[in-house]
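A.B. asks: Would you mind keeping the following structure in view while I ask a few things?
The values are calculated or read from the model by the stated rules, or taken from the named source; none is laboratory data. Computed from a predicted model, the values in this text were never measured in an experiment. Methodologically, a virtual Cβ is constructed for each residue, glycine included, from the backbone with ideal geometry; neighbour enumeration extends over all protein chains shown. SASA here: full protein model, heavy atoms, side chains in, ligands and nucleic acids out. Shrake-Rupley method; radii C 1.70, N 1.55, O 1.52, S 1.80 Å.
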Amino acid sequence: MSTAVETVKQITEREYQWGFVTPVEEETVPPGLDEEVIRLISRKKGEPEWLTEWRLEAFRRWKTMEEPRWARVHYPPIDYQAISYFAAPKQKERPKSLDEIDPEIRRTYEKLGIPIREQEILAGVAVDYVFDSVSVATTFKKKLEELGIIFCSISEAVRDHPELVRKYLGSVVPPGDNFFAALNSAVFSDGSFVYVPPGVRCPMELSTYFRINAAGTGQFERTLIIADRGSYVSYLEGCTAPMRDENQLHAAVVELIALDEAEIKYSTVQNWYPGDREGKGGIYNFVTKRGLCKGYRSKISWTQVETGSAITWKYPSCILQGDESVGEFYSVALTNNFQQADTGTKMVHIGRRTRSRIVSKGIAAGRSQNTYRGLVRILRGAEGARNHTQCDSLLIGDRCGAHTVPYIEVKNRSARVEHEATTSKLSEEQLFYCRARGLPLEDAVALVVNGFCREVMEELPMEFAVEARKLLGISLEGSVG
Amino acid sequence: MAMLDIEGLHVAVGGKEIIRGLDLAVEAGEVHAIMGPNGSGKSTLAHVLAGREDYEVTAGRVRFLGQDLLELEPEERAALGLFLAMQYPVEIPGVSNTYFLRQAVNALRKARGEPEMKPAEFMKRLREAARQVGIREELLRRDLNAGFSGGEKKRNEILQLAMLEPKLAILDETDSGLDIDALKAVAAAVNALRTPERAFLLITHYQRLLNFIVPDRVHVMVDGRIVRSGGKDLALELEERGYEPFLQEAA
Amino acid sequence: MAAPRYRTPPSELVRLGERLLPRLPGDALAEVRQRAWRRFLAAGIPTPRVEDWKYSRIDALMAQPFAAPTATAPAAGTVRRAMAGGPAARRLVFANGRLVAGQSHVGGLPDGMRVMGLAEAIQHRPQEVAAAFEALPAPGPFSDLNTALAADGAWIELNPGVRPEVSLQLVFVAVGEPSAVITHPRVVVRLGAGARLHLLESHVAEGEGHVLTNLVAQLQLAEEAALVHERLQAAEGGHALVGRTVVELSAGARLLANVATLGGAFVRNELEVHLRGEGGEALMNGLYLPRGREQVDTLVRVHHHAGRCHSDQFYKGVVDEQARAAFAGRITVHEGAQDTDAYQQNRNLLLSDEAEVDAKPELEIFADEVRCSHGATVGGLEEAGLFYLRTRGLGRAQAEALLTYAFAGEVVARFRDGKLARQVRQGILARVPGGAALDPEGLVA
């Protein structure tokens, strides 16, 4: 079998395919963080006074907080004064139509496979394009407006829908929630805003594509999605960054609010630059994502495919407040080389007959460390709550680590919580079987790994599933050995 | 009045109506068979009669030996003489088969105002019944249904039937998953338990059980209702033509 | 500012220690004890901010004004009721941590087997005891407290190949005293290559009171040695037990560790198993049944350092009234420990809305040739099971009691000593709701 393993190693030395830099002139705020910088960001974005104050308050909180240290995540100290907190491609004003966008930026998205166009490949998806700190374009806005759906950058939302932003911003992830959420609240640059009015089923996938381009910057986007009574929306998030030797910080906050009988499906294909084979460079992905199932029978479903970033630290969570609300978490986290992933979810059952389901598939290769960390908490009033958790880990090679750290806390006797987890290695028998049927080893590995992840992949919207499957195969290249 | 008398029964499970107006009367000493395709509501009927709490009776009434059956708790129904042999008997590791049966026998006796059975007499009867049903003694010492094969579980249900001596025994798909030898053995045990006082309600998907336990009446159940009743020949007709014609009738 | 992870030890506890420390025998141990004591003072008492104590509430327990124990001997009946291990079993009896020679019986042991009180061992072989104390891996505050202040306990040695036919039972009696007392018994067991031992450990109570037993057991198994260790914690009432058991297994050694915790104000069973040689096996089973305001912590750490080992954890709990139970089990497969089989099951029955169950089953895997799994459940009784029993004529209360008994009984079935198993079964019947009304004939065999 070792020859097979060798073959895989040699198959390809293809590099991270999204690692190019766009030669666009950018305006960058000098590195450093103090109240002046925050006022500057707020001013550049033309924000109202209340938001400037909100940011400053978060900043003051942040200064009193300690940066977390996690048992299984290791990285050198981050110098927060060496980061530039705002970078934007220079342009006089936001283009009025998609045709006015800087051709370099247009080319960037062409190369990434998500052209800024409202037809052909992406006909079923409305996209908000975020380039470093700003949103550069949003497609299908008109069509969505006809249904009363608001889909725009959060900066526009602050200007055009201040009452909604003010009501919900920080209502799920308060500014002082944790160190990185506080930092984000102080300096968030852009991100997406979605509001779906009562009873409306959003007819297309909404998507944001995040691209870090500038050097020496961090990305701190903020996403806020509100699904009003009886509405439905499916939202996708994708991201890439150039290859750089330095580590770059990405500290986003995502807040979801589902009212009575509303449903939000949030999918992420995370492919930030993971660093090179020696573990140099890559994005630190420290993200706070939380959904509030506020209403009766509301539902929030997180699906994530995490293949990128040097370090991933994120726990997309659901607060199941409404009676009979439902939370779901489907995750594939794949680490290779020196990547570290510490990811999972929190399901907090407050309402009666709330249900949650967790399916986590971790794949560790190379010298990476892959941890599932999850919390299922059943509060006293959560009569008849149900949770089922399935956590599987796959190890490829003997230098990596796969860990499972679930916390289960139950205070109601009518609740039922079930957790199952397994860890095993990539099956030589399965690989051999595939190869004996004529599949090249590379395809065989991708096939077996995709099979292992199938339950999660099935949850992805079609437009992303194909891409995600390819990603899994590419991220594993050179890992069997 | 019939021993079991069901009138206009409607039952919903999780908000969905499964039984939709069912009438049935079973006299003492009779053997009735209810046949129907999957999802027709046969097993739901069996469980409702035994008192499953998550099944909601939305309309109709059921009288058993003159009493309103639906008013009673499962254990009260058992004490009255109703027995359900389950399709999937529950495994209870940690409680021996013998201990459990002794508790059940004495619970029924107590409910009827009879004294507990003496341990020696209980063991004597248990051994007899086990022989009759074809259960190895070793199985009596094992934990209740734990690690029993499919055939052993079904036989163990019949052993309980023999020991608890009900007036009406409902056999829910007792034939499913049995090979022909096991089926014959179970049928023989049931036939031996037929008396003029005891009635049986056989719930089955296939006709083959009825080759060995010959019913007095056969009912075809489709979509939560009995669509046809007849003698034992009805089962043969079903075997030949399948459920398709009945499904069309129902539609 | 973040809350402190450790709290300064209560001054009464510190004063008591300072007073006892210089009076303990064995000069050879003085240095080891002093170091442990200083570590304890520097660290303090863990709060829930310390990950391994996340679900433990011990402030009230530790704040008791502890005095040194004075009890001399328990009543003969107390010991008799606790007896297990067959009529020929040898026995060491302790009253609040002190060996009671008059009630102990360890005569007529086979050649190559030595059993003595720890005080005696300190007197006769101080260097070895010091070395054993020193060898305790990664001590925490309670272990340090024990190392500093352990005055008595058991010292058990079996030469290679020695396989006594009789079991050895340690009976720890918590004897109620006018003031709260804390004791620090230490148990050291060394099995030579191929040796075998069945060790029983019973904790019982006599009289009302507040005895905190801070026990450390070090069990060492050389190649191919086999140990059955069975602990019954039945010291109910205001008594508490913090017990840490550390087992080291060489190649081919086998461990069966069973524990049943009926009750106690606070009980913490820590089991740490190191599989250091190939082909080792560790089977661990546990049962806890807290009710009232009782708290039971179970912490299991299994380390696969070497390959081709097998470990299996099976822990169940029935938690009622305002009780709390926490289970934290971790399997660590270290780098290079290839061909490992490691399993863990934790099942909990929660019987009251005022009770709480916290479970944290962990896997930590650094090798790829492994078959590891764990499962954890928390919930009430299965409706399907209840229905089945009721259709056979059992009333709801009886059916619930029987199912609860059966749930707990599954662990007892794995106990080796018949007498101890019977005691556990009686304890289950006494504790589960409706258990007292069940017919014990046929259940408590």
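A.B. asks: Quick one: with all protein chains in place, what share of the accessible area of segment C:137-217 is carbon or sulfur, to the nearest percent (1.4 Å probe)?
C.D. replies: Ligands and nucleic acids excluded, carbon and sulfur give 51 percent.
A.B. asks: Using a Gaussian network for chain C with springs between C-alpha atoms less than 10 Å apart, which of these wobbles most: C:Thr404, C:Thr391, C:Thr70?
C.D. replies: Checking each option, the largest mean-square fluctuation is seen for C:Thr391.
A.B. asks: Another question about this same structure. Which semi-axis lengths, in whole Å and largest first, follow from the square roots of five times the eigenvalues of the Cα gyration tensor of segment B:9-120?
C.D. replies: Working through the eigenvalues yields semi-axes of 28, 18, 14 Å.
A.B. asks: Same structure again: A:Lys143 versus B:Glu138, label points 7 Å from Cα toward the beta carbon: distance in nm?
C.D. replies: Reported label-point gap for A:Lys143 and B:Glu138 is 7.0 nm.
A.B. asks: If you roll a 1.4 Å probe over the heavy atoms of the protein chains, what accessible area per residue do you get for the protein assembly as shown, in Å²?
C.D. replies: The answer is 37 Å² per residue.
A.B. asks: Once you compute Rg and the Kirkwood Rh from C-alpha atoms, what is the Rg to Rh ratio for segment C:383-445?
C.D. replies: 1.00
A.B. asks: A further question on this structure: Out of the DSSP beta bridges found with both residues in chain B, what percent are antiparallel (nearest 5)?
C.D. replies: Given both bridge residues lie in chain B, the antiparallel proportion sits at roughly 60 percent.
A.B. asks: May I ask you to derive the FRET efficiency for B:Arg131 and B:Tyr88 from their Cβ-Cβ distance with R0 = 22 Å, giving the value to the nearest 0.05?
C.D. replies: 0.30
A.B. asks: Which lysines, on any chain, are close to B:Lys42 with Cα under 22 Å apart, when same-chain ones fewer than 8 places away are left out?
C.D. replies: Filter leaves B:Lys16, B:Lys153, B:Lys154, B:Lys167, B:Lys232.
A.B. asks: Once all Cα-Cα distances of the protein assembly as shown are split into 20 Å bins that start at 0, what whole-number percent is in each one?
C.D. replies: Percent of Cα pairs in each bin: 10, 32, 34, 21, 3.
A.B. asks: Can you compute the modelled spin-label distance between B:Glu244 and B:Asp54, with each label point 7 Å from Cα toward Cβ, in nm?
C.D. replies: Using points 7 Å along Cα→Cβ, the separation is 3.6 nm.
A.B. asks: Now for a separate question. Give the interface area between chains A and C as buried accessible surface, both sides summed, probe 1.4 Å, in Å² to the nearest 100. Walk me through the intermediate numbers first.
C.D. replies: Details: alone 19290 and 17800 Å², together 34150 Å².
For A against C, buried area totals roughly 2900 Å².
A.B. asks: Suppose we take every Cα in chain C and form the convex hull; what volume per residue is that in Å³?
C.D. replies: Spread over its residues, the Cα hull of chain C gives 149 Å³ apiece.
A.B. asks: Pop a pseudo-label 7 angstrom from the Cα along the beta-carbon direction at both C:Thr72 and B:Glu7 and give the gap in nm to one decimal.
C.D. replies: Result for the modelled spin labels: 8.4 nm.
A.B. asks: In 10 Å bins starting at 0, how do the alpha-carbon pair distances of chain B split up by percent?
C.D. replies: Values per bin, smallest distances first: 7, 31, 37, 21, 4, 0.
A.B. asks: For segment C:379-401 and segment C:13-66, what is the centre-to-centre distance using only Cα atoms, to the nearest Å?
C.D. replies: 48 Å
A.B. asks: Then there is this: Considering all projection directions equally, how large on average is the shadow of the alpha-carbon convex hull of segment A:289-416, in square nanometres?
C.D. replies: Taking a quarter of the hull surface, the average projection is 6.7 nm².
A.B. asks: Can you pull out the GluC sites (Glu not before Pro) in segment C:156-258 that DSSP calls coil and that have at most 14 other Cβ atoms within 10 Å?
C.D. replies: C:Glu165, C:Glu208
A.B. asks: Give me a single rounded figure for B:83-96: the average over its residues of other chain Cβ atoms within 10 Å of their Cβ.
C.D. replies: Shielding by partners across B:83-96 averages 5.
A.B. asks: I would also like to ask the following. What whole number of Å gives the distance from the Cα centroid of segment A:387-407 to the Cα centroid of segment A:329-357?
C.D. replies: Between the Cα centres of segment A:329-357 and segment A:387-407 lies a distance of 12 Å.
A.B. asks: Mind checking Rg over Rh on segment C:107-262, alpha carbons, Kirkwood formula for Rh?
C.D. replies: Rounded to two decimals, Rg/Rh equals 0.97.
A.B. asks: Can you tell me what percent of all Cα-Cα pairs in segment A:20-432 are more than 33 Å apart?
C.D. replies: Working: 26411 of 85078 pairs.
Every Cα pair in segment A:20-432 considered, those over 33 Å come to 31 percent.
A.B. asks: So, in Å, what gap is there between the alpha-carbon centers of segment C:205-239 and segment B:180-198?
C.D. replies: 55 Å
A.B. asks: Name all residues of segment C:183-199 having a backbone nitrogen under 20 Å from the label point set 7 Å from the Cα of C:Glu120 along its Cα→Cβ direction, giving them as ranges.
C.D. replies: Once the point is set 7 Å along Cα→Cβ of C:Glu120, C:184-192, C:197-199 turn out to lie under 20 Å by backbone N, inside segment C:183-199.
A.B. asks: Which whole number of Å³ per residue matches the convex hull of the alpha-carbon atoms in segment A:175-330?
C.D. replies: Roughly 98 Å³ of hull volume per residue.
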